[in-house]
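Notes for the one structure printed next.
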């Protein structure tokens, strides 16, 4: 199924995309499964804690995606 992916911070840098991108994930995929498929192979990506947002609402890792959803992967923000 087609969804839109937005990555932030180091995940965006690892994917080399500067905004939203259209991606295909298996039907019934959870947000955690989508993350593993789309950024899990990047160095350090699996260990990075991430919050998930679907259509601008925070969700848990077991949330199931639907066609047309926008998934945002939000790593922790540091600074001062």
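The values are calculated or read from the model by the stated rules, or taken from the named source; none is laboratory data. The shown structure was predicted, so the numbers you read here are calculated from the model rather than taken from an experiment. No Cβ is skipped: glycine too gets one built from the backbone with ideal geometry, and neighbour counts run over all protein chains shown.
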Practice task
Select from the stretch 63-80 the residues that are outside any strand (DSSP E or B) and at pLDDT 95 or above and list them in ascending order.
Solution key: 63, 65, 66, 67, 68, 69
Fill in the blank from the handout: Among residues of the stretch 1-14 being under 16 Å from residue 52 (Cβ atoms) and touching a helix residue (DSSP H, G or I) at 6+ places or on another chain (Cβ under 9 Å), the residue surrounded by the most Cβ atoms within 10 Å (Cβ to Cβ) is 7
Exercise for the section: Find the residue count for the stretch 51-80, including only residues that are crowded, with 16+ Cβ neighbours inside 10 Å, over 15 Å from residue 36 (Cα atoms) and free of Cβ contacts under 8 Å to residues at least 60 places away in the same chain. Expected result: 3
